[in-house]
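Some notes on the structure that comes next.
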């Protein structure tokens, strides 16, 4: 039953009761007012929640991409550490360890750190300008594994231990496991925040819908008296709140997308600077890519659909209470 049919039905009932018969001019208007304070407040709430949800989604995707990149880089490298031993020439030991590592299958690159480079690695903790000649500073060799290769690290560790005293090989396996656990915890936390945002959105829509129904209760009662179906009334409220949901979702999601796009655009200005290098080391390329932007748009659509579904259920339940 459309709005025109409802209006015609009202006129026929009025004429059948013997009321005056001048031509009645009707102005068709929606059951739910389009511009109300509660509607504008709901748009603002949905925009804020969509913005927060989009920020959470983008942050989770950045952390996940960065963690994957970290794990890939760490998993492709192993570190050989040679401690000074009395009576042994550490420079010769470093050369021997590098030769053994290069001879192993699956090794792409072997880079021994010089004594000066090893000292520079300690400067952030010990400060600069220190004389470390009398300290047993170990020497490091960074070994990069070839892509797709699986070298026998157990055999390499045994060969090094047999020929070089004071040597150790670290494959960073424990560090990768901790990194994987932290990344998983961040993703679970992000999903939990998204669920909270969805729950808060649904509650806000339920209260806003009930307020709209209370304002339009006389209209709903008249529609019931003339035989309008419950689904007819509920669909009007559903379409109204679906429009509000899309409007708020596009505003909040659009602001979040613009923010991430601006961050991606401006990150190129800091390439080569210390702050930019640190940020790139932590979060990689600071870009969520096309899948991230599509996820934000889809998220706005999902929130709008949730709003429409929850408003429909609320209207149906309220109409049953009127009956």
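Key figures for this structure:
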| quantity | calculated |
| --- | --- |
| Residues 202, 99, 142, sorted so that the one with the fewest Cβ neighbours within 10 Å comes first | 99, 142, 202 |
| Relative packing of 179-189, 69-79, 54-64, which averages over residues the other C-beta atoms within 10 Å, highest first | 54-64, 69-79, 179-189 |
| Label point 7 Å beyond Cα of residue 195 along Cβ direction - residues of segment 37-53 with amide nitrogen under 17 Å | 53 |
| Rh by Kirkwood over Cα pairs, then Stokes-Einstein D for segment 84-165 at 1.306 mPa s and 10 °C, µm²/s | 111 |
| Fraction in percent of alpha-carbon pairs per bin - 5 Å, segment 57-115 | 4, 14, 19, 15, 12, 10, 8, 7, 5, 3, 1, 0 |
| Sequence of 226, 82, 100 once ranked by neighbouring C-beta atoms within 10 Å, starting from the fewest | 226, 100, 82 |
| Fewest-first sequence of 194, 121 by Cβ atoms within 10 Å of each Cβ | 121, 194 |
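Values in this text are rule-based calculations from the coordinates and carry no lab data. None of the values given here were measured: they were computed from a predicted structure. Glycine gets a Cβ as well: all are built from the backbone with ideal geometry, and neighbour counts include every protein chain shown.
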